[in-house]
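See structure below.
The values are calculated or read from the model by the stated rules, or taken from the named source; none is laboratory data. Note that the structure is predicted; figures quoted are calculated from it, not measured. As a convention, Cβ positions derive from the backbone with ideal geometry for all residues, glycine included, and neighbour counts pool all protein chains shown. Side chains are part of the model used for accessible areas, which takes the heavy atoms of the whole protein and leaves out ligands, DNA and RNA. Shrake-Rupley method; radii C 1.70, N 1.55, O 1.52, S 1.80 Å.
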Amino acid sequence: MAQRWTDREIRYLESKYLNQAVSITAKRLNRTERAVVKKALEIGLSKVHDILSVNKLAECFNVTHKVVMKWINQYDLPCRKFKCSCCTKYMIDLENFWKWAEQHKDIINWSRYNCTTLALEPAWVRCEKFSYDRPNKGKYWTDMEINYAKSMLRRGMSYREVAKELGRTQSGVAHKCAYI
């Protein structure tokens, strides 16, 4: 007969499952590997490499987890939300991420992405990564550039278009425009 899972066992599983071997988790919980995997799937944990945590996706783009959370909250990046006893975890399906990213190319700083760190990488990603030509990156903004950026944004241009025109990064334009 199946042994019921205690709250303590579930908390342990939530904290250790993704970071240690199933055999170790099973041994520490005095359960079979099959039971551990089944319970992990029931509570939304998966070791499949096509599913990413917020932190893992952030690591691939060399950004903080807050940037990925912004993609989820403000730009509707599809994810699965799991409530654990201590926190909420977000898991992102890689295939859905690439579909979303293709539609939201302009909000992602592709220059920071490490190519081939994510599986199923579409061909257009390399073009995006190497299309960045930013001679003014890190330089102070002139009053003329600020006025020009305001003008372009009023005409309905995207941050990406403004950044390309000014030789700046898209995130730099977005950041500057938040203060002008």
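Things worth noting here:
- Carbon + sulfur, % of accessible area of segment 27-84 - ligands and nucleic acids excluded, 1.4 Å: 50
- Solvent-accessible area per residue, Å², over the chain with all protein chains present [probe radius 1.4 Å]: 65
- Remark: spin-label model distance Arg8-Ser23 equals 2.6 nm, labels positioned 7 Å along the Cα→Cβ axis.
- Check: the chain dipole with +1 on Lys, Arg Cβ and -1 on Asp, Glu Cβ, in debye: 580
- Angle in degrees between helix 7-16 and the longest Cα principal axis of the chain, rounded to the nearest 10: 50
- Sulfur and carbon atoms: percent of accessible area, segment 109-171 [1.4 Å]: 51
- Over segment 8-85, volume per residue of the alpha carbon convex hull, in Å³: 102
- Exceedance of the 30 Å cut-off in Cα-Cα distance is limited, within the set Lys27/Lys81; Lys83/Lys164; Lys81/Lys176, to Lys83/Lys164; Lys81/Lys176.
- Acute angle (nearest 10 degrees) that the helix 94-103 long axis makes with the longest principal axis of the chain, alpha-carbon atoms: 20
- Computed FRET value (nearest 0.05) for Tyr75 with Met144, which takes r as the C-beta separation and R₀ as 35 Å: 0.70
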